[in-house]
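Working notes, structure below.
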Amino acid sequence: MHPALWPERAPAALQPQTEAFVDALLSRMSLEEKVAQMIQADVGSLTSEDLRTYKLGAVLAGGGAAPRGDVRAGARAWLELADTLYRAALQSDTAAHPPIPILFGVDAVHGDAKIRGATIFPHNIGLGAAHDPQLVERIGHATAEEVATTGIDWTFAPTVAVARDVRWGRSYESYSDDPALVATYAAAMVRGLQGERSRATFMAPGRTLSSVKHFLGDGGTFDGRDQGDNRAPESVLIRVHAAGYPAAIDAGALIVMASFSGWQGVKMHANADLLGTILKGRFGFQGFVVGDWNAQEEVPGCTKFSCAAAANAGIDMFMAPDSWKQIYEHTLAQARAGEIAPERIDDAVRRILRVKALAGLFTRPAPKERTDAGHFERLGSAAHRALARTAVRESLVLLKNEHDTLPLSPRAHILVAGEAADRIGMQAGGWTVDWQGDHNHNDDFPGATSIYQGIRSIVTAAGGTATLSPDGSFAARPDAAIVVFGERPYAEYEGDRETLDFSREDTRTLTLLRSLQSRGIRTISIFLSGRPLWVNPEINASDAFVAAWLPGSEGEGIADVLFRAPDGQPRLDFTGKLSFPWPRTAMPVTYDADDRTSGALFERGYGLSYRHADRVGHLSEDPQIAPDRGDADSLFQAGHATAPWSLFVGDDLAQVRVTGAEQVSPAGAVRVTLPDSQLEVRWSGAGRGDFWIGGRPIDLLAAAHRGDVVQARLRIEQPPTGAVRVGLRCAPTSQAAETGCGVPGGAMLDATPVLTSVRRGAWTRLTVPLACFAGHSGLSSVAAPFALRAEAGLAIAFSDIRLAHASEPECHLRIQPE
């Protein structure tokens with residue numbers, strides 16, 4: 001590290017009255033109370049009684065958390081929850097000092113999208129294409145108003161990552177690959193959410209605290225893997241990935257969220273140089289640093305229950321959703337033992353109390369009594385929906401418009417096709433209602449408008465017709481067809497990709513487009529995605545092609561620019577310009593030392609309009625996929641888990657995702673390393689240990705009946721000294737089910753005999769027929785297609801693990817030496 005290379009900013013002047021209040025309060029707090037302030041728990045894992053007992057500093061409602069566990073609960077239930085928890089935290093059994101209010105945080109990352117009926121704005125990637133910081137600030141204010149009406153005072157936004165490999169599953173949370181645009185937007189969103197820190201608007205009614213995330217470099221991880229390692233040189237970290245933070249801090253940001261990811265092999269939650277010397281030193285940040293969801297567990301030597309290293313590195317508040325009680329006890333013990341210095345504890349708590357005081361929490365009434373709470377008419381208000389509709393229009397990027405196909409006549413007969421045409425959940429994407437946003441229906445979005453509904457509204461008003469046909473079939477030949485398709489919703493690492501080839505996932509749409517094209521029907525593609533993807537075949541099969549990103553709840557904004565007005569002129573023109581380069585092949589665009597790109601089909605800033613047309617011509621349909629990528633059946637190959645699959649280890653204590661070159665399970669029972677192009681898994685013999693490859697659940701029921709198998713090329717480094725089981729894990733149907741499949745721990749087979757028979761040091765192939773699990777419930781929702789459990793010592797190296805097409809309808813584990 002070279003701190004002198006980083007920008008230096010003078011910290012904002014502290015308010016003497018606030019500092020005096022904080023110092024007085026801090027001096028009267030017990031160590032137990034101080035440590036409790038450093039903990040944030042999820043509302044799904046604590047009760048009001050817990051808050052009366054432990055006096056935690058904050059709570060959050062994570063991706064799947066909600067009042068009474070109902071993610072479709074209404075705004076009134078959310079306000080009731082916020083009020084109940086707030087009042088419980090203020091019930092104090094000590095007279096030593098005034099009670100300390102909690103902070104309540106929520107992921108309102110594109111509007112208050114967890115709340116039924118809220119306005120859902122375009123995800124950040126769409127806002128980046130609008131190139132309109134004033135629009136972003138207005139969206140921040142509107143979002144804060146809707147959050148505040150439920151009594152919540154903290155929004156986990158904005159994300160200021162500069163995504164440089166859009167295979168990353170969080171790319172849609174990035175405004176742009178341009179650090180200058182990200183910096184401008186970071187400041188705008190902070191001002192919109194919080195108000196101006198130096199003015200009366202700061203944390204006034206209808207405002208919420210922001211938290212800028214994720215510090216630092218999460219948009220530049222190797223291979224675009226979420227929570228992975230950023231290997232960029234320090235100069236790139238400064239110039240590119242840190243750009244949003246000084247701007248956000250200057251705009252008044254008081255909370256920064258640390259990243260799961262690492263930089264050059266050091267996890268951010270343990271990086272004292274970046275959290276302390278740079279963020280709190282060079283950047284002059286006076287607020288507090290909150291961790292991410294149990295991210296401390298990925299720090300070497302830590303678990304989600306205990307991590308003095310993270311506190312010492314500069315994490316002021318642990319986000320410990322389901323581990324809060326244990327991490328409280330361990331942190332308290334570490335503070336008493338001197339593993340965490342008193343000065344570090346006091347610094348963390350002083351920062352937390354300062355933020356609470358500056359935000360007015362000590363004088364703010366309980367949520368139900370606030371002047372900005374309970375006004376549920378603000379959720380999805382006409383003004384907010386109009387703002388979102390404007391944002392949709394400004395975000396659209398016209399990539400192709402041959403033969404002046406657009407704008408269309410609204411008096412025409414329009415066929416509206418594609419699976420996303422009338423699915424608001426698909427146009428809203430992840431972080432909507434719940435974490436992944438992939439189980440939503442139109443009824444979950446009262447007041448929202450699908451893309452088809454927006455088209456129908458404009459067309460029928462003009463005397464035309466709009467016919468919805470998701471599969472593209474029709475009885476009467478249409479004048480034009482609008483086909484709406486794209487990525488299905490995802491969030492975080494479950495959205496990681498191996499390549500940018502869209503057609504690999506959705507050949508039905510390409511078939512439909514080519515069918516319409518062959519019949520001479522003018523075809524307009526509306527492409528929904530959280531990133532630029534390689535869609536050359538789809539562009540070739542379309543007369544016009546629109547990148548619509550993830551527009552949110554106001555589908556009418558798309559129809560606004562597709563049709564002519566009654567006088568024959570365009571209603572509105574396209575103004576959106578790419579904020580990311582669009583890839584020429586199915587492999588990501590690359591950047592040189594001067595940020596010049598290679599591999600772009602359309603450069604950042606590209607975007608056609610009715611006034612400025614251009615001919616795209618026929619594009620190459622060779623995806624040019626790298627040899628070690630794009631294998632749809634692979635789970636692990638060439639030294640890496642195949643996205644979106646991830647490696648996991650676990651034991652009797654907990655489980656953890658493998659995001660670096662080495663990972664040990666929380667109790668030390670199993671260790672994973674990734675040397676060269678292999679995967680080594682070693683069980684210590686100190687109790688049960690699990691290794692598995694998991695991700696978003698897939699349906700393997702038909703594959704099991706077909707006789708398909710899981711194959712693993714492996715080498716025994718140390719023969720088993722106890723029982724070994726192999727199998728799969730299903731998505732749990734209840735908390736008690738653990739890993740589903742109808743049995744705790746998943747569906748597993750005794751592999752001890754076959755693995756004991758293998759010659760040590762020789763490569764061999766293990767075949768596990770899926771027919772072995774055909775009788776287990778949950779086979780239609782398999783979250784881990786390959787899992788190993790050992791009760792004692794064992795060491796195995798893997799070079800390849802995959803699903804394989806076969807015809808083995810009977811259950812016989814097979815081992816085949818090479």
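The values are calculated or read from the model by the stated rules, or taken from the named source; none is laboratory data. Being a predicted model, the structure only gives us computed values, none of them experimental. Quick reminder, even Gly has a Cβ in these numbers, built from the backbone with ideal geometry, and neighbours come from all protein chains shown. Accessible surface areas use protein heavy atoms only, side chains included; no ligands, DNA or RNA. Shrake-Rupley method; radii C 1.70, N 1.55, O 1.52, S 1.80 Å.
Points to keep in mind about this one:
- Spin-label pair ALA462/ASP573, simplified geometry with 7 Å Cα→Cβ offset, distance in nm: 1.8
- Cα centroid of segment 253-311 to Cα centroid of segment 10-78, whole Å: 19
- Over 18 Å [Cα-Cα, segment 141-226], rounded percent: 46
- Expressed per residue, the C-alpha convex hull volume of segment 286-333 stands at 70 Å³.
- Simple Cβ-charge dipole of the chain, Lys/Arg +1 and Asp/Glu -1, about Cα centre, in debye nearest 20: 600
- Taking N as its residue count, the alpha carbon Rg of segment 74-160 over 2.2 N^0.38 Å: 1.33
- For the peptides 320-332, 23-35, the ranking by packing is 320-332, 23-35, with the highest mean count of neighbouring Cβ atoms within 10 Å listed first.
- Column: log10 I(q)/I(0), Debye, Cα scatterers of segment 396-554, q = 0.10, 0.12, 0.17 Å⁻¹: -0.34, -0.50, -1.00
- Long pairs among LYS34/LYS356; LYS55/LYS267; LYS280/LYS368; LYS34/LYS280; LYS280/LYS325; LYS213/LYS267, criterion Cα-Cα beyond 26 Å: LYS55/LYS267; LYS280/LYS368; LYS280/LYS325
- Here the translational diffusion coefficient of the chain follows from Stokes-Einstein with Rh set to the Kirkwood radius across Cα pairs; for 37 °C and 0.692 mPa s it amounts to 119 µm²/s.
- Simple rule: put +1 on each Lys or Arg Cβ and -1 on each Asp or Glu Cβ in the chain, find the dipole, and look at LEU396, ASN271, ALA795; the Cα lying farthest toward the positive end is LEU396.
- Pairs of Cα atoms farther than 21 Å apart, segment 490-573, %: 43
- For segment 504-627, the fraction of alpha-carbon pairs in successive 10 Å shells from zero, as %: 11, 38, 37, 12, 2, 0
- Net dipole in debye of segment 1-140 [+1 Lys, Arg Cβ; -1 Asp, Glu Cβ; about Cα centre; nearest 20]: 280
- Computed lengthening from SER48 to SER198, 0.36 nm per intervening residue step minus Cα-Cα distance: 50.5 nm
- For the chain, accessible area per residue (1.4 Å probe, heavy atoms of protein chains only), Å²: 34
- CD proxy at 222 nm, helix term only [per DSSP H run n ≥ 4: -39500 (n - 2.57); per residue of the chain; nearest 500]: -7000 deg cm²/dmol
- Put a dot 7 Å past the Cα of SER235, heading toward its Cβ, do the same for ALA762, and the two dots end up 5.3 nm apart.
- Modelled spin-label separation between ARG519 and ALA383, with each label point placed 7 Å from Cα along the Cα-to-Cβ direction: 4.7 nm.
- Kyte-Doolittle mean at least -1.0 and Cα axial length at least 18 Å: DSSP H helices in the chain: 75-90, 133-148, 179-194, 324-337, 342-358, 382-395
- Cα Rg over Rh - segment 4-76, Kirkwood: 1.16
- Options ALA310, LEU254, VAL561, ranked by Cα towards positive dipole end of the chain, top entry (Cβ charges): VAL561
- C-alpha center-to-center spacing [segment 450-484, segment 587-605] in angstrom: 37
- Cα-based radius of gyration of segment 673-818 once divided by 2.2 N^0.38 Å, which approximates compact folds: 1.00
- Across the options SER518, SER469, PHE502, the greatest Cα extent toward the positive end of the charge dipole of segment 466-538 (unit charges at beta carbon of Lys, Arg, Asp, Glu) belongs to SER518.
- Kirkwood Rh and Cα Rg combined as Rg/Rh, segment 219-309: 0.95
- Gyration tensor over alpha-carbon atoms, segment 564-662, equivalent ellipsoid semi-axes in Å: 41, 19, 15
- The magnitude of the dipole of segment 77-139, with charges of +1 and -1 set on the Cβ of Lys/Arg and Asp/Glu and taken from the Cα centre, is near 80 debye.
- All-pairs Cα distance distribution in segment 1-148, expressed in whole percent, bin size 5 Å: 2, 8, 14, 14, 13, 14, 15, 12, 7, 3, 0
- Tensor-based shape of segment 165-286 (alpha-carbon gyration tensor, a/c under 1.5 rounded, otherwise prolate or oblate): prolate
- Protection-proxy order for peptides 537-546, 722-731, 471-480, each taking the mean of Cβ atoms within 10 Å per residue, highest first: 537-546, 722-731, 471-480
- Segment THR511-ASP595, extension gain: residue separation times 0.36 nm, minus the distance between their alpha carbons: 26.5 nm
- Pairwise inverse Cα distances across segment 634-713, averaged and inverted, put the Kirkwood hydrodynamic radius at 13.7 Å.
- Among 676-682, 139-145, the order from most to least packed when residues are scored by Cβ within 10 Å on average: 139-145, 676-682
- SER45 accessible area, 1.4 Å probe, all protein chains in place, Å² to nearest 10: 50
- Counting every C-alpha pair in segment 253-364, the share spaced more than 18 angstrom apart comes to 47%.
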